[in-house]
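The structure under discussion appears below in the form of structure tokens.
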Amino acid sequence: MMYMMKKWMLAVLLLVLGNLAFSQTGSVAQKLMQEVGQKYNGYSKLKLDFSLKVTDKKQQNTFGDDGVAFLDLKADKYKVDMADQTIISDGKSQWSILKEEREVQLTEVDHNDQSISPANLFTFYDKGFKSTLAKDEKLGATVLKVVDLSPMDTKRQYSKIRLRINNATKEIYDATVFDKSGSMYTYTIKKLQTAANIGNEVFTYDKSKYPQYELVDLR
């Protein structure tokens with residue numbers, strides 16, 4: 001159960017970046033998102049250090065984790081590393097490596113426009129969301145602009161995504177996903193680097209690195 005939740009959350013992680021566009025033409029929220037999109041739109045490869053905080057639906061228990069993500073945005077390739085799992089995609093296939101279970105799950109990449117994944121993080125917001133500018137927040141001396149994104153498709157697993165944006169740099173500080181169960185998942189970007197020297201081997205599954213792991217083909 002924990003694996004399935006974290007697998008879904010890894011897919012949502014990279015919603016914090018992108019070339020964002022919304023249906024509310026001329027709104028203050030849209031203009032802010034366009035500024036944020038311009039910040040990242042020129043990147044081809046990125047490395048992200050992030051932290052994850054999960055609060056359960058009763059908001060009585062929490063857990064945290066750290067990870068690193070590598071992205072080749074032009075080729076729709078990615079790799080996400082966390083303590084108990086790694087996800088690798090070459091743009092066509094995805095390998096979910098479960099370290100404790102010593103299992104690798106192989107699936108096809110979902111290119112559906114309605115799906116959430118690192119592969120479509122720069123186009124995911126192009127349609128289907130309503131954006132609302134909430135009250136500013138402060139983190140020390142830093143002013144954070146707050147934007148709530150509500151999906152128009154009510155069948156989605158979450159009710160909204162809240163982005164907090166550094167007003168001075170127009171960079172995403174964190175993103176919180178509000179699951180319909182009442183749980184909350186917050187990703188904080190600790191460090192972002194453009195990394196043009198990331199090689200293709202980063203996005204290639206090498207079975208020799210995972211000896212005695214069972215491969216489960218779910219394609």
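Among the residues making up segment 128-157, those that are assigned to a strand (DSSP E or B), without any contact (Cβ under 8 Å) to a residue 24 or more places away in the chain and within 23 Å of LEU48 (Cβ to Cβ) are VAL146, ASP148. Restricted to segment 45-87, and to residues that are more than 18 Å from LYS209 (Cβ to Cβ), of a type in the set (A, V, I, L, M) and touching a Gly at 6+ places or on another chain (Cβ under 8 Å), which residue is surrounded by the fewest Cβ atoms within 10 Å (Cβ to Cβ)? Top of the filtered list is ALA75. Could you grab me the full set of residues in segment 167-184 that are in contact with a strand residue (DSSP E or B) (Cβ under 6 Å, 6 or more places away or on another chain) and farther than 20 Å from LYS135 by Cα? Answer for segment 167-184, where residues must be in contact with a strand residue (DSSP E or B) (Cβ under 6 Å, 6 or more places away or on another chain) and farther than 20 Å from LYS135 by Cα: ASP179, LYS180.
Kindly establish whether SER181 is hydroxyl-bearing (Ser, Thr, Tyr), modelled with pLDDT of 85 or more and over 26 Å from TYR43 (Cα atoms).
Here the answer is no, as SER181 does not meet what is asked.
Residue count for segment 130-168, restricted to those that are surrounded by fewer than 18 Cβ atoms within 10 Å (Cβ to Cβ) and in contact with a helix residue (DSSP H, G or I) (Cβ under 8 Å, 6 or more places away or on another chain): 3.
Mind checking which residues of segment 41-57 are more than 12 Å from THR188 (Cα to Cα) and in contact with a strand residue (DSSP E or B) (Cβ under 8 Å, 6 or more places away or on another chain)? Result: TYR43, SER44, LYS45, LEU46, LYS47, THR55, ASP56, LYS57. Among the residues of segment 158-175, those identified as assigned to a strand (DSSP E or B) and under 22 Å from GLN193 (Cα atoms) are LEU163, ARG164, ILE165, ASN166, ILE172, TYR173, ASP174, ALA175. The set of residues in segment 42-100 being modelled with pLDDT under 90, in contact with a helix residue (DSSP H, G or I) (Cβ under 9 Å, 6 or more places away or on another chain) and charged (D, E, K, R) consists of ASP65, ASP72, ASP76, LYS77, ASP84. Filtering segment 184-203 to residues that are small (Gly, Ala, Ser) and modelled with pLDDT of 85 or more leaves only GLY199.
Conditions tested, residue by residue: (1) out of contact with any Gly (no Cβ under 9 Å at 6 or more places or on another chain); (2) of a type in the set (A, V, I, L, M, F, W, C); (3) in a strand (DSSP E or B); (4) more than 27 Å from VAL54 (Cβ to Cβ).
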position: VAL177; (1), (2), (3), (4): yes, yes, yes, no
position: LYS191; (1), (2), (3), (4): yes, no, yes, no
position: ILE198; (1), (2), (3), (4): yes, yes, no, yes
position: GLU201; (1), (2), (3), (4): yes, no, no, yes
position: SER208; (1), (2), (3), (4): yes, no, no, yes
position: PRO211; (1), (2), (3), (4): yes, no, no, yes
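Select from segment 171-213 the residues that are among the aromatic types (Phe, Trp, Tyr) and either more than 30 Å from LYS57 (Cβ to Cβ) or in contact (Cβ under 8 Å) with a residue 60 or more places away in the chain (or both) and list them in ascending order. TYR185, TYR187, PHE203, TYR205, TYR210, TYR213, listed by residue number.
The values are calculated or read from the model by the stated rules, or taken from the named source; none is laboratory data. Computed from a predicted structure; not experimentally measured. Reconstructed Cβ throughout: ideal geometry from the backbone, glycine too, with neighbour counts over all protein chains shown.
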